[in-house]
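The values are calculated or read from the model by the stated rules, or taken from the named source; none is laboratory data. Small disclaimer: the values here were computed from a predicted structure and weren't measured. Glycine also receives a Cβ, built like all others from the backbone with ideal geometry; neighbour counts cover every protein chain displayed.
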Amino acid sequence: MAVFDTTEPQTAGAGADRAWWERIPAAWWALLALLVVLPAFANDFVLFQVMGWTFILGMIALSLMFLAGYGGMVSLIQMSVAALAGYMVAIFGTSGMAELSMGLPWWVYIPVAIVIAAIFGTIVGALAVRTEGIYTIMITLAIASAFFYFTRQNYAIFNGYSGFNLVVPPQLFGVDWRQPVPFYYLTGAMALVCYLAVIYVSRAPFGLVLQGIRDNPRRMAALGYNVTAHRIAAYTFASVIAALGGILLVWQNAQIAPGTAGIPAVIDILVIAVIGGIGRPIGPFIGALIYVLLRTFSPDVLTAIGFEGERFKLLVGLGFLALVFWSPDGVLGMWDRWRAGRARAGDPLTGKGGQ
Amino acid sequence: MSAPAMASAPERLGSVSTDSALELRGVTKLFGALAAISDVTMTVRSGERRAVLGSNGAGKTTLFNCVTGDFLPTSGTIRLFGEDVTRFPAYERVRRGLRRTYQISLLFGGLTVADNVYLACRGVSRGRYSMLRPRRGDALVQRAKELIAAVNLTEVTTTPVSELSYGQQRQLEIALALAGAPRLILFDEPAAGLSPTERVELIRILTDMPGHIGYIIIEHDMDVALRVAESVTMMHNGRVFKEGTPEEIENDPEVQALYLGGGDE
């Protein structure tokens, strides 16, 4: 799909003139339908712990995918941005730490949390965008670890080592949003909104310019674009997505502490995005599902075959190693190659036919 | 070149009406101790078509990079349409009507031809940060289509640029340079690597350009350079060596000695 899809705009018919719902493949509708009816046969653990967590981590990794896949900027700050939004919900809303929380209503603390997290992400972006490649990773990692140590040592605002507990979503419309089924639909809907927003923006001028900058920053400047300002704006956009994920994360855990944005958590987001594939916005969600499944079930498997359950990180690490070795562009890349292979199965000479 | 492609002028910042499109005064660029160009002074009138000739290492591309803002000159001043732009970043100069092409194609390989040209049109208009997709019939989308047609790339509109042939990529370079109402274009060896037929097509595109668009062309192919230029600047070892009409330059004994006798090469 492109800014304009057909070479002959006057000809009505195929491609661009179909309604938007006709352009979405049937498999996507099937997946959406499956996700909608999942609460009918999945248990609470699957809905709340597995799927809820997948959607949340997927959103935070999606914000990294937007920066890395479209902007060519590998940022390790996304988990810290998410955690800051979570902290702001605890500080401006209600928590078990009544003397630190302000107890403001949800329609104040949610926008405030998103805005503060977006400002933080923008400032980090402004520091990071003048660097390239490994230096972007190092700068964002340095700020992420500074954020972790700051929250752990600051008791006046962040309540230091213990953080905040009893942070729960507001009882909107008489629903307890922390119950498994409502929480599943809440996180799923937010993930869908963020996913569609990224898809939409990737084809809008803002996203196209970002992809142009990824391919060739010097040339974009020669076309009249302020490359630095555009990259910073991309950090702002990504920070809003990460902030939404962070708010849901603090609600799911009902608590937030420095470890939420510790270095392992920061690295996990990168691992999730890379496992899934940063080429397309669905990648982070695939990566998040794989990560959550490994993280949730590998202790049982390990215990069953006689290892200690804590060794699950070994499995995640080995899986990651195998994946970057055989498919550096993640599960999405494997999928694309498999489909290309099937399409080629037609005529061995022309590559046509087959699928 | 179809006229409507460049008819509507987009937002242009700080335009000062003047007769000279480009004025260089004593421009010097040092790389360490090496002077890539030294004390270059030249004036290009609005709408003028100028060729810059010289052997490899004469400083032609460095001159372009100083004019576009890719490099800041070590000393000297650069005035674009009467305005001092010596310290301006590249994108500010572009928004004043300056474009360039590159010796080695610098395109966006992951994007389609349509997206490449659309980005070039969007770069000098409003809405660079727009989060909304262009509507059907959007003026910039139309302009991009006209430009693609003008350089004969209509049948590859939706092809990713990385899949284009070399000649097609060079044509796309020109389409990008023509996007968004330019007033002065710098062509860096546009004929390099083109087949004889493609050269004829290039000369047609260059000579058919609307009269208000001036250009400076760096070209090794004297046939192309002398056919599309009204005036010629010869450079040698980073300095302006001769200026004149194509005929004067062609018949100049010193130029002949440098070019035909091999000069210092």
- Message: Can you name every one of the strands (runs of 3 or more DSSP E) wholly within region B:16-118 that holds 3 or more residues which are of a type in the set (Asp, Glu), buried (at least 23 other Cβ atoms within 10 Å of the Cβ) and touching a helix residue (DSSP H, G or I) at 6+ places or on another chain (Cβ under 6 Å)?
- Response: none
- Does residue A:163 meet the test of being modelled with pLDDT under 90, at positive phi and either of a type in the set (Asp, Glu) or surrounded by fewer than 20 Cβ atoms within 10 Å (Cβ to Cβ) (or both)? no
- Message: Quick test for you: out of B:228, B:161, B:200, pick the one residue that is under 26 Å from residue B:115 (Cβ atoms) and of a type in the set (A, V, I, L, M).
- Response: B:161
- Message: Checking the structure you have, find out if any residue of region A:211-219 is more than 20 Å from residue A:333 (Cβ to Cβ), out of contact with any Pro (no Cβ under 7 Å at 6 or more places or on another chain), among the small types (Gly, Ala, Ser) and within 11 Å of another protein chain (Cβ to nearest Cβ).
- Response: yes
- Here the residues within region A:305-327 that are surrounded by 15 or more Cβ atoms within 10 Å (Cβ to Cβ) and under 15 Å from residue A:292 (Cα atoms) are A:312, A:315, A:316, A:319, A:320
- Query: Within the bounds of region B:118-140, is there any residue that is under 19 Å from residue A:219 (Cα atoms), in contact with a strand residue (DSSP E or B) (Cβ under 8 Å, 6 or more places away or on another chain) and among the hydrophobic types (A, V, I, L, M, F, W, C)?
  - Reply: no
- Note on region A:271-282: residues surrounded by fewer than 22 Cβ atoms within 10 Å (Cβ to Cβ) and outside any loop (DSSP other than H, G, I, E, B) are A:271
- Message: So, in region A:185-226, exactly how many residues are among the small types (Gly, Ala, Ser), over 19 Å from residue A:283 (Cα atoms) and part of a helix (DSSP H, G or I)?
- Response: 3
- Item | Residue that is surrounded by the most Cβ atoms within 10 Å (Cβ to Cβ), among those in region A:284-304 that are among the hydroxyl-bearing types (Ser, Thr, Tyr) and within 24 Å of residue A:47 (Cβ to Cβ) | A:291
- Residue count, region B:127-182, condition aliphatic (A, V, I, L, M), farther than 20 Å from residue B:104 by Cα and in a loop (DSSP other than H, G, I, E, B), comes to 3
- Sort out which residues of region B:108-119 are closer than 16 Å to residue B:151 by Cα and either among the charged types (D, E, K, R) or facing another protein chain (nearest Cβ under 7 Å) (or both), and write them in order of number. B:112, B:114, B:115, B:118
- Item | Test: residue B:154 is hydroxyl-bearing (Ser, Thr, Tyr), within 7 Å of chain A (Cβ to nearest Cβ) and in contact (Cβ under 8 Å) with a residue 12 or more places away in the chain | no
- Note on the structure: Scanning region B:120-137 for residues that are more than 7 Å from every other protein chain (Cβ to nearest Cβ) and exposed (fewer than 15 other Cβ atoms within 10 Å of the Cβ) gives B:126, B:135, B:136, B:137
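Residues checked against (1) at pLDDT 85 or above; (2) outside the structural domain of residue B:166 (by TED's automatic domain parsing); (3) of a type outside the set (Ser, Thr, Tyr); (4) surrounded by fewer than 18 Cβ atoms within 10 Å (Cβ to Cβ):
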position: B:186; (1), (2), (3), (4): yes, yes, yes, no
position: B:192; (1), (2), (3), (4): no, yes, yes, yes
position: B:200; (1), (2), (3), (4): yes, yes, yes, yes
position: B:214; (1), (2), (3), (4): yes, yes, yes, no
position: B:217; (1), (2), (3), (4): yes, yes, yes, no
position: B:223; (1), (2), (3), (4): no, yes, yes, yes
position: B:238; (1), (2), (3), (4): yes, yes, yes, no
position: B:254; (1), (2), (3), (4): no, yes, yes, yes
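Return the total of residues in region A:220-230 being aliphatic (A, V, I, L, M) and within 7 Å of chain B (Cβ to nearest Cβ).
Narrowing region A:220-230 to residues aliphatic (A, V, I, L, M): A:220-223, A:227, A:229.
Those still in the list that are within 7 Å of chain B (Cβ to nearest Cβ) too: A:221-223.
Of the residues in that region, 3 qualify.
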- Message: If the requirement is being of a type in the set (Gly, Ala, Ser) and in a loop (DSSP other than H, G, I, E, B), which of these qualifies: A:75, A:63?
- Response: A:75
- Cross-chain or 6+ apart pairs with Cβ under 6 Å, region B:187-198 first and in contact (Cβ under 8 Å) with a residue 24 or more places away in the chain, then of a type in the set (Lys, Arg): B:191/B:199
- If we scan region B:186-202, do we find a residue that is charged (D, E, K, R), within 14 Å of chain A (Cβ to nearest Cβ) and closer than 25 Å to residue B:125 by Cβ? yes
- Message: Which count do you get for residues in region A:140-171 that are more than 14 Å from residue A:96 (Cα to Cα) and under 25 Å from the mean Cα position of the chain (by Cα)?
- Response: 14
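Just to be sure I understand, how many residues within region A:231-258 are within 14 Å of chain B (Cβ to nearest Cβ) and crowded, with 22+ Cβ neighbours inside 10 Å?
6
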- Message: Could you check region B:80-100 and list, in sequence order, the residues that are at the interface with chain A (Cβ under 9 Å from one of its Cβ atoms) and small (Gly, Ala, Ser)?
- Response: B:90
- Task: Can you give me the number of residues within region A:174-184 that are charged (D, E, K, R) and part of a helix (DSSP H, G or I)?
- Result: 0
